[in-house]
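The values are calculated or read from the model by the stated rules, or taken from the named source; none is laboratory data. None of these values were measured; they are calculated from a predicted model. We place every Cβ from the backbone using ideal geometry, glycine too, and count neighbours over all the protein chains shown.
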Amino acid sequence: MDQGLYLLDGHNLALAQGTGIATYARGLAAAVAAQGFRPGVIHGADPGRPTAPGRIGGARRLARRLAGQAEIALRGGVLPVQAGGQEVAGLPEGTLAFNARDCVGRAHLHLRTTGAMLPLRMPQGMPQGMPQGRPHGLTERAVPRAMHWTYTVPLVLPGVPNLYSVLDLIPLVMPQTTLTNLAAYRRMSALIARDAAHIVTISDWSRADIIRLLGVAPERVSNTWLGVAPDPEALALHGGALEASLGRHGLAAQGYFLFYAAIEPRKNLRRLIDAYLATDIAAPLIIAGKKAWLWEAELAALAGRESLPDGRVRLLGHLPRPDLMALVRGARAVCFPSLYEGFGLPAVEAMALGVPVLTSTASCMPEIVADAALCADPYSVPALAEALRALDSDADLRARLAHAGPARAAFFSPARYGERLAALHHRLGLISD
């Protein structure tokens, strides 16, 4: 049955290096397509803005957005959405593409200057939208049934139910680990808490935070968790193929510990490195991830180098997805001792591939991994060091976790995620029987 057009935002989908939110958005699009909706993505590309990094300064960007504010005021306070938009890999066939120029940047400016969300306006008349990669010629009429924002953003589409995925409240809980404008974030969160048709989150821990910190009634917040499938190419890597892939980085299967995530304070890499260096473990600690905000202190032990002189700690930086998943597949253990998470995707991705995981006792992580990973106090360097030694020396422990991981990860399968999302859509009246 055709359930109609289901819109979601495309800002994170368009990022070159991707984010956990992009993974979430792709899973959401696939799930709603399976439920009979026609997915549509509202992108925020700015055709007048250079794509090369560093080519436009903050002052010029602000001037452009201020000019955009004036344009919005002349249009009655709304930002128009146009048919067409960039093509993004990994979305269901037939996904409709729209674009609202620089909508995220303009929305944050609008919030700071007016204290309100920036409304969008879909194209007047039909047709609305175009399939990805098809520049012209869509003739069908598509009316939005819902707008689902995959993260906290000060945008709203009037006239349809607006669902907001609030994956975590880290800027409120751990503001020292972010560069977020806290006053603006509080205002945006309060507006979402007041006006959202429903709030969707990805762990019971985050749901409790949303209810407690934002004052949202429990019946207006649902936890669907995420949908995580084992990477099929990495799962198929064995023997010589795996060794060849790892050999490009000078590594051997089961011969290294792996940390992979954006390098920023909340991921707790600094304490992990200190803990590792406090042991006599011979297998190196490999770090894969881009340098994000406030990364300098997290890599202080490397003193500006890409690796320690003895090679025990090595920084590989951001890697293409296939290379990264091959590293996960071959690791002795994946280390993810985060201080705070809404879900903890790297831990579940590793468990799905049958790789032992060391994670933290903080926030949602014990809820997510259950008894299928080793949890340690992320604030205690000695506790992390002890856990690393246990994983390095105890083959039975590694075997137990490798066996338990896939079974636990199956709880977060895309199929089960789709069932939880469909149940929510039924409760909200978005799915017709």
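When you check Ala253 against the structure, is it in contact (Cβ under 8 Å) with a residue 24 or more places away in the chain and over 24 Å from Gly20 (Cβ atoms), yes or no?
Details: in contact (Cβ under 8 Å) with a residue 24 or more places away in the chain: yes; over 24 Å from Gly20 (Cβ atoms): yes.
Taking the combined requirement at face value, the residue satisfies it.
When Arg270, Arg321, Arg312 are checked against the criterion of being under 30 Å from Ala236 (Cβ atoms) and assigned by TED's automatic domain parsing to the domain that holds Val357, a single residue qualifies: Arg321.
Would you mind finding the one in Leu391, Leu401, Leu397 that is crowded, with 24+ Cβ neighbours inside 10 Å, among the aliphatic types (A, V, I, L, M) and more than 30 Å from Val221 (Cβ to Cβ)?
Values: Leu391 fails: crowded, with 24+ Cβ neighbours inside 10 Å; Leu397 fails: crowded, with 24+ Cβ neighbours inside 10 Å.
Leu401 is the lone residue from the list that is crowded, with 24+ Cβ neighbours inside 10 Å, among the aliphatic types (A, V, I, L, M) and more than 30 Å from Val221 (Cβ to Cβ).
The single condition from (1) touching a strand residue (DSSP E or B) at 6+ places or on another chain (Cβ under 7 Å); (2) assigned to a helix (DSSP H, G or I) that Leu167 fails is (2). Taken over segment 362-391, residues that are closer than 24 Å to Pro230 by Cα and either in a helix (DSSP H, G or I) or without any contact (Cβ under 8 Å) to a residue 12 or more places away in the chain (or both) amount to 6.
Among the residues of segment 404-433, the ones that are over 30 Å from Pro39 (Cα atoms) and surrounded by fewer than 16 Cβ atoms within 10 Å (Cβ to Cβ) come to 1 in all. Restricted to segment 209-236, and to residues there that are loosely packed, with under 14 Cβ neighbours inside 10 Å and of a type in the set (A, V, I, L, M, F, W, C), the residue that is modelled with the highest pLDDT is Ala217.
Filtering segment 9-43 to residues that are surrounded by fewer than 23 Cβ atoms within 10 Å (Cβ to Cβ), among the aliphatic types (A, V, I, L, M) and in contact (Cβ under 8 Å) with a residue 24 or more places away in the chain leaves Ala14, Ile21, Ala30, Ala33, Ala34. Taking the conditions exactly as written (of a type outside the set (Asp, Glu), modelled with pLDDT of 95 or more and not in a helix (DSSP H, G or I)), does Leu28 satisfy them or not? No.
Return a yes/no flag: does segment 397-407 have any residue that is over 24 Å from Pro230 (Cβ atoms) and free of Cβ contacts under 8 Å to residues at least 12 places away in the same chain.
From segment 397-407, those over 24 Å from Pro230 (Cβ atoms) are none; that's our starting set.
No.
Summed over segment 170-207, residues that are in contact with a Lys or Arg (Cβ under 9 Å, 6 or more places away or on another chain) and not polar (S, T, N, Q) total 12.
Out of Pro50, Pro39, report the one residue that is at pLDDT 90 or above and outside any helix (DSSP H, G or I). Step through it out loud before you land on a result.
Values: Pro50 fails: at pLDDT 90 or above.
It is Pro39.
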